[in-house]
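Shown next, in structure tokens, is the structure this report addresses.
A short reminder: the numbers here are calculations on the coordinates, not readings from a lab. Being a predicted model, the structure only gives us computed values, none of them experimental. Note that we place each Cβ from the backbone using ideal geometry, even for glycine, and neighbour counts take in every protein chain shown.
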Amino acid sequence: MKRWFALAAALASLCLLPSPQASADETSVTLWHAYGEAEARGLHEAITAFEAAHPGVNVTEVAVPFGAYASKLESAIPTGNGPDVFIVAHDGIRTYVDGELVASIGPIPTAVSDDVERGYLDAFRVDNVLYGLPIALKCTALYVNEALLATPPASLEEFRALAPVLAPGVSPLAFETDSAYYAAAVLHAFGGELLDATGHYTFTGPSAERTVAVLRDLVQQDVVPQDASGALVTQLFASGRAAAAISGPWLATDLPAGLRYRVVPLPTVGGHRMRSFVSVEGALLARGARDAATSRDLIAFLASPSGALPRALIGRQTVTSNAVQADARVANDSLLSAFRAAASHSVLMPTHRKMRAAFEPANRALRKALEGEMPIRVALAEGAHRFEMITRETMPAQNPTVFLVVVGLLFLVLTIVSIRKIADAGMRARIRRSWPAYRYVLHAALAIALLVILPLLVGAATSFFAGHGRDMHFVGVANYVDILTAQGGPIFAHGSFWLVLLVTVLWTVLNLLLHVSIGVALALALHRPMLKMRGAYRVLLILPWAVPSYVTALAWKGMFHRQLGSVNAILSHLGVEPVSWFAHFSTAFAANLATNTWLGFPFMMVVTLGALASIPNDLYEAASVDGATSWQRFRFITLPLLGPALAPAVAMGAVWTFNMFNVVFLVSGGEPDGTTEILVSEAYRWAFTRSQQYGYAAAYAVLIFLLLVGGNRLLSRNTEPVGGTR
């Protein structure tokens, strides 16, 4: 016991030691960004120049993955563990202000106000308070492969004439037609918008219908590849299988050095210039910055010509500094000039709180209309209805007194029961006898309590709150009532908890049947002594399990692509028409099922091989002497003895499959229209793509936990031997 106290004292003393600092006279500033390699190099050079101009200042750059950037900011800044300065796009500024993550930067430095356009400065202003300074622009433009197109087409209509001219297998144009972000360029050309200034969803009406009709014609006439993701667009253009592509400056960093291409502003459509969204990247001052004055100086430097020049030359960013744009070295860069010209025709991304929530319903409406699943007008109207459901007013706040009294009474009852058990002489004797064992597992119990149990309790507590982001209020069990009553609609309505639960159960049962049957069959084949090269076969069959699931999921998603996937290529050779795998529930579900079966059967095969090795050969020899056939030996010896080993494996497989987020999210993405979503992916949608409704998502998580605990308990009870003893 003394060793435990000594270890605890040593750890406590380490925690109380002052954090190391480079020097008493040195000022440290931490900057977060989500840049790629080239942009990060340009930013580093700008920061190096700032440090040279400010002796005694040390800037620490932290690169955070783009997908986790917003969530890390929201969790780190309020606890004092976040950055002093962070770089983000302007469209999330209201979210950061509402979440109290940013602070005012004060007066605008003259070197910036005289050099940056007023509109870009106003992008970081909320209620006449400036929270950041613009440093770069991001929009889309037209990439043209000069080896395939000598002259860039001036309009989308001209791309239709390229299909017969280009070599077989080469698409005239590649871009993500089913993404509202890219479709907005056509929508703006026709005078429409995705969201108006008051936060109303406006992706309906004549302009939206005309936009979708144009995009659908491009897909149906094979001008643009079907189901083109960002990765596919990059692959097609980089390999010369697309004559042109619509993308942003991020595409240039993924293109091979030998590819000859040029970038020009977007073409026209219907006689009107396409106008994409433009995002303004800015450096913002985090609330609670450790040295606000120095952090403000860093922000001003990054926005000034001195900080913008290295970012433009090395990072090849379209900077907001007019002086740098006029610099000969930058002006002669065709890529930077093209994106600067494209930005001048673009539409500034709205900063309304509901803007980010508009993309998911718009994307789904686009996919349904492009696939011809329903008329364009009906699909767009359905998207508007889904937006209203996602952004509906949160449930009113409730008085927590009654809830706290009930919880307090439950804890009181639990405490009384625990005290009565401990007061029992037999219980105390058992605790004393087991105390040496408890000492050995104490550290593990503490780790599990901190890393598993505490997060579960926090998540459960969050489920009693509602709101968006950090703006949450207590609503009691209203989230659970709303979920279990299907938001007041039909129980099995589209997207309801009960319908998603049915899909999840079907998903789990079918996967387990395939995993166990294939795994057991392969294990029986590999266990045969007469089989040659058994070791090589085992290694090959375990490979699907060894490869990370997200890598496998992305590979299988590509295999199921309608135009370019290997599955449809095989079907075409067999005389079968290509299948739009993600256009219907049955085929999309089958694609998910095939992917997860590939991932899951090796585990069951390995478990079965281990169980088979533990079965004594004497049993088979005795059965053979008694005249048992191969089927009888399998039925009466192998299967019963495999049961004890397979039961826990099936239980683990059920939990893994029930929560198999990667496959559903990466392969089908819930398509078509969210029908292949399972409970865990639906919880993710509520948390991260539907206005950050963390309380609602937490309620989903608690229900998932209860379902798994109940199912596991039921499975354990049904697999216990007669009499309840083992």
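Annotations for the structure displayed:
- For region 439-568: rounded, prolate or oblate by the Cα gyration tensor [a/c cutoff 1.5]: oblate
- Helix 37-53 and the long axis of the chain differ in direction by around 70°, with both axes built from C-alpha atoms.
- Euclidean distance of C-alpha centroids, region 646-670 and region 175-221, integer Å: 36 Å
- Three-way shape call for region 352-409 based on the alpha-carbon gyration tensor, with the a/c threshold at 1.5: prolate
- For region 604-726: rounded, prolate or oblate by the Cα gyration tensor [a/c cutoff 1.5]: prolate
- Sorted peptide list for 470-476, 176-182, 628-634, 100-106, criterion being average Cβ within 10 angstrom, highest first: 176-182, 100-106, 470-476, 628-634
- Calculated log₁₀ intensity ratio I(q)/I(0) where the Debye formula runs over C-alpha points of region 99-209, q = 0.09 Å⁻¹: -0.45
- Between the Cα long axis of helix 497-526 and the first principal axis of the chain there is an angle of about 60°, rounded to the nearest 10.
- Against the rule of thumb 2.2 N^0.38 Å, how large the Cα Rg of region 494-690 comes out: 1.21
- Per-q log10 I(q)/I(0), the chain, q = 0.09, 0.10, 0.11 Å⁻¹ (Debye; single scatterer per alpha-carbon; no solvent): -1.03, -1.21, -1.37
- Taking other C-beta atoms within 10 angstrom as a stand-in for reagent exposure, H584, H90 fall in the order H584, H90, fewest first.
- For L450, L284, L609, order by how many other beta-carbon atoms lie within 10 Å, fewest first: L450, L609, L284
- Region 72-119 versus region 587-637: alpha-carbon centroid distance in Å: 59 Å
- Remark: relative contact order (the chain) = 14 percent; criterion is Cα-Cα distance under 8 angstrom and separation of 6 or more residues.
- DSSP bridge analysis restricted to the chain gives an antiparallel fraction near 70%, rounded to the nearest 5.
- Residue order, fewest to most beta carbons within 10 Å, for H188, H573: H573, H188
- Residues of region 499-516 with amide N under 20 Å of a point placed 7 Å along Cα→Cβ from Q487: 499-504
- Remark on T30: its backbone amide H falls under 5 Å from those of T60, D84, V85, a criterion applied only to residues 5 or more positions apart or on other chains, H modelled at 1.01 Å from N.
- Mean ellipticity per residue at 222 nm, deg cm²/dmol - from DSSP H runs of n ≥ 4 across the chain, formula -39500 (n - 2.57): -17000 deg cm²/dmol
- Between V129 and L404, the simple label model (points 7 Å from Cα in the Cβ direction) yields a spacing of 2.9 nm.
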